[in-house]
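The values are calculated or read from the model by the stated rules, or taken from the named source; none is laboratory data. Note that the coordinates shown come from a computational prediction; the quantities given were computed from them, not determined experimentally. All Cβ positions, even for glycine, are placed from backbone atoms using ideal geometry, and neighbour counts span all protein chains on display. Keep in mind that these areas ignore ligands, DNA and RNA; they rest on the heavy atoms of the full protein, side chains included. Shrake-Rupley method; radii C 1.70, N 1.55, O 1.52, S 1.80 Å.
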Amino acid sequence: IRELHHRVRNTLANVQAMLGATARSASSIQAFYDSFAARIAALGRTHTLLTDDYWQTAPLREMLRLELAPYDDGTEGRITLGGPAVELAADLAVPTGMAIHELSANAARHGALSVRSGRLFVRWDIIQDDGARKLSLEWIESGGPAAQKPTKTGFGSTLLRRVLSVQCNADVELSFDDMGLRFRMVAPLVERRLVPSY
């Protein structure tokens with residue numbers, strides 16, 4: 001029951017943050033609805049993976065596959081995923097799933113997945129750093145428009161830069177290159193369940 005209480009509180013906090021950020025950046029009611037609904041759906045996909053495993057872990061490859069499936073047109077090499085089997089505990093899976101959604105939506109609107117020639121390569125690994133196991137995740141776009149640094153800070157930028165750093169204790173790098181957007185995250189893996197004592 002404590003675990004459920006913890007998860008519900010975290011989920012409601014995520015929804016509230018998404019609501020506020022989406023409302024601030026939306027240009028119309030329809031744009032707000034579309035963006036907010038897509039973010040809720042992404043959150044739901046991650047929660048489905050977690051509950052399928054009795055709320056313990058979600059497989060990273062499956063998280064990526066589900067989020068990127070709508071953009072995979074079957075062209076060989078358009079979307080390439082590479083890395084070992086990794087199961088993410090909920091405390092890391094939820095913000096990582098939301099980050100994958102934001103990166104995917106941005107790539108489809110402005111980046112590599114917005115044009116036929118665009119390519120996306122996502123690779124990950126488990127590394128040892130300071131005596132701890134960490135997830136290293138890289139998102140590399142190419143063949144699309146040059147990446148443009150956003151002129152205003154929206155929910156996606158805030159999530160990628162601040163939420164992952166604070167909530168997941170992740171080191172985050174975001175590069176806006178002529179070749180395309182590059183994102184890298186190195187985050188400690190949660191080795192035990194983080195259930196609060198309340």
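Each residue of the range 106-121 was assigned a 3J(HN,Hα) from its phi angle through the Karplus expression (A = 6.51, B = -1.76, C = 1.60, θ = phi - 60°), giving 5, 5, 6, 7, 10, x, 4, 7, 8, 9, 4, 7, x, 9, 10, 10 Hz with x at Gly and Pro. Residue-wise HN-Hα couplings along the range 164-174, as the Karplus relation 6.51 cos²θ - 1.76 cosθ + 1.60 with θ = phi - 60° gives them from phi, are 4, 5, 7, 6, 10, 6, 9, 8, 10, 10, 10 Hz; Gly and Pro carry x. Remark on residue 144: its backbone amide H falls under 5 Å from those of 119, a criterion applied only to residues 5 or more positions apart or on other chains, H modelled at 1.01 Å from N. When nucleic acids and ligands are ignored and a 1.4 Å probe is applied, residue 138 ends up with an accessible area of around 40 Å². Ordered by solvent-accessible area of protein heavy atoms (1.4 Å probe), largest first, the residues 174, 66, 164 come out as 66, 174, 164. Accessible area of residue 126 (1.4 Å probe, protein heavy atoms only, ligands and nucleic acids ignored): about 50 Å².
Here the Karplus curve 6.51 cos²θ - 1.76 cosθ + 1.60, taken at θ = phi - 60°, turns the phi angles of the range 80-92 into couplings of 10, 10, x, x, x, 5, 9, 9, 9, 5, 3, 4, 9 Hz, with x standing for Gly and Pro. Accessible surface for residue 92 stands near 0 Å², nearest 10, in the context of the full protein assembly shown (1.4 Å probe).
Sum up the charges of everything whose Cβ sits under 13 Å from the Cβ of residue 168, counting Lys and Arg as +1 and Asp and Glu as -1, but leave residue 168 out. Intermediate results must be reported in sequence, preceding the final value.
Working: positive: 134, 161, 162; negative: 91, 171.
It works out to a net charge of +1.
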